[in-house]
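Worksheet: the structure to be examined is printed underneath.
Every number here is computed from the coordinates shown, using simple stated rules; none is lab data. Since the structure is predicted, the reported quantities are computational estimates derived from the model, not experimental observations. Glycine also receives a Cβ, built like all others from the backbone with ideal geometry; neighbour counts cover every protein chain displayed.
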Amino acid sequence: MNILVVGGAGYIGSHIVKQLIDSNHKVVVLDNLQTGHAKAVTEPAIFIKGNVKDKPLLRNLFTETSFDVVFHFAANSSVEESMKDPLLYFDNNVSGLITLLEVMNEFAVKTIIFSSTAAVYGDTSEKVITEDNETIPKNPYGESKRMMEKIIQWCHTAYDINYVVLRYFNVAGADLSGAIGEDHQPETHLIPIVLEVPLSKRDFITIFGNDYDTKDGTTVRDYVHVVDLANAHLLAMNYLLEGKESTIFNVGSSTGFSTLEIINKVEEYTQKKIPVKYGNRREGDPHSLIASSKKIESVLGWKPQYTDLNSIIDSVWKWHTTHPTGYENDV
Ligand code: UDP
């Protein structure tokens with residue numbers, strides 16, 4: 001298959017690109033490198049530096065290659081940043097997608113796999129969230145993703161663009177080859193931040209709030225291994241190419257860990273004490289997000305292999321100990 005991966009040099013996109021290449025697909029990556037790394041793109045994928053909002057560039061790419069499928073990962077994804085600068089999120093995320101869909105439609109490319117998020121659900125009283133749960137995003141990041149989902153759904157109705165939307169819960173881990181991993185500057189995600197203490201890059205962790213209505217007062221999240229997530233994308237692609245119905249799937253592990261539990265697990269794994277300070281709640285944070293992944297398991301036959309938190313921590317630890325400065329010094 002000829003596949004365009006928009007945002008394929010980022011953390012999640014690069015892991016999907018690797019699995020696509022390993023499955024012998026022809027991949028073109030478009031990424032503006034705002035948060036991505038050209039070195040994260042597995043060869044022989046073709047890397048093009050550019051913005052998804054650049055319509056002439058997109059038209060050139062679609063003229064050169066007749067794409068069968070498009071994957072979209074090119075979005076800003078920090079809850080905190082989105083609370084401070086919502087227009088950035090609506091502009092980059094929503095208008096970038098519109099440009100991509102316009103060009104897809106122009107070139108009659110009718111298949112898209114879209115990277116969405118559990119942030120579309122907001123605060124919910126449901127312990128385990130299914131795809132039918134109401135969506136009331138609590139921050140502009142989640143709102144922008146929900147808008148993008150709806151735009152894709154209307155494009156399905158109007159132009160027959162077929163889609164799978166994957167709503168990720170908290171993605172963590174690194175490819176087991178050790179060649180690619182998460183490299184954000186600055187890092188904002190919990191697991192890599194916690195590992196920075198035993199890696200001697202920070203002295204303590206600030207827990208954002210300990211007065212939530214959860215088992216120990218800290219926020220609860222559902223952590224899914226990036227390799228399992230990548231596998232879900234390939235299954236979603238094959239499903240659409242078989243002509244099956246466009247739909248939305250949650251992707252998570254169906255298990256919730258509190259922030260404090262994550263810190264304890266990393267302490268156990270590394271045998272190093274991780275000092276903790278309690279800070280204010282982070283604006284826009286829901287108290288608990290745990291996926292029901294029953295639908296993707298039954299419809300796509302997705303079976304996560306790395307459900308043990310230690311396998312996530314182990315892969316992140318390997319990535320960081322072998323790449324102490326991320327991609328910076330990779331050749
Ligand atoms: N968190 C924290 N301290 C940190 C980073 C994150 O307490 O230094 C909490 C954060 O408030 C959230 C959870 O850990 O409830 C997971 O945060 P992350 O940014 O990894 O993912 P999010 O759930 O926001 O997408």
Length gained when the stretch Glu297-Leu176 is fully extended (0.36 nm per residue, less Cα-Cα span): 41.3 nm
Whole-Hz ³J(HN,Hα) from phi, Karplus 6.51 cos²θ - 1.76 cosθ + 1.60, for the stretch 258-274, glycine and proline x: 7, 4, 5, 5, 4, 4, 4, 5, 5, 4, 4, 5, 8, 6, 10, 6, 10
Amide H contacts of Thr111 (H built 1.01 Å from N, under 5 Å, at least 5 apart or other chain): Val70, Asn162
222 nm mean residue ellipticity, helices alone, for the chain (DSSP H n ≥ 4; -39,500 (n - 2.57); rounded to 500): -10500 deg cm²/dmol
Full-stretch length increase - Glu261, Thr322 - with 0.36 nm per residue and alpha-carbon distance subtracted: 19.4 nm
Top of Val120, Val165, Val276 by mean-square fluctuation, Gaussian network on the chain, Cα under 10 Å: Val276
Around Lys201: net Lys/Arg minus Asp/Glu count, Cβ-Cβ under 15 Å: -4
Computed over the stretch 58-123: relative contact order in percent, which uses C-alpha pairs under 8 Å that are six or more apart: 52
Average silhouette area of the stretch 191-288, convex hull of alpha-carbon atoms, in square nanometres: 8.1
³J(HN,Hα), Karplus 6.51/-1.76/1.60, whole Hz, each residue of the stretch 144-151, x for Gly, Pro: 4, 5, 5, 4, 5, 4, 5, 4
Gyration tensor verdict on the stretch 284-331 (Cα atoms; rounded if a/c is under 1.5, prolate if a/b is larger than b/c, oblate otherwise): prolate
Global geometry of the chain, whether rounded, prolate or oblate, following the gyration tensor of its Cα atoms and the 1.5 cut on a/c: prolate
For Ile205, distant residues with modelled amide H under 5 Å away: Val276, Lys277
Shape box of the stretch 104-230 [Cα atoms, principal axes, largest first, Å]: 53, 40, 23
Highest to lowest packing among 278-288, 146-156, 169-179, scored as the average C-beta count within 10 Å: 169-179, 146-156, 278-288
Across Lys49/Lys318; Lys272/Lys318; Lys18/Lys265; Lys18/Lys145, pairs whose alpha-carbon gap is larger than 22 Å: Lys49/Lys318; Lys18/Lys265; Lys18/Lys145
Per-peptide average of other Cβ atoms within 10 Å, ordering 28-40, 75-87 highest first: 28-40, 75-87
Top positive-direction residue, dipole computed over the stretch 28-158 with Cβ charges, set His72, Gly50, Leu87: Gly50
Cα-based shape type of the stretch 186-247, given that a ≥ b ≥ c are square roots of the gyration tensor eigenvalues and the cut on a/c is 1.5: oblate
Selected from Ala158, Ala118, Ala232 as most flexible by GNM, with the chain as the system and alpha-carbon contacts under 10 Å: Ala158
Counted charge near Pro86, where neighbours are those whose Cβ lies closer than 15 Å (Asp, Glu -1; Lys, Arg +1): -2
Under 9 Å, Cβ to Cβ, from Gly173 - net charge with Lys/Arg +1 and Asp/Glu -1: -4
Span from the the stretch 280-302 Cα centroid across to the the stretch 98-153 one, whole angstrom: 14
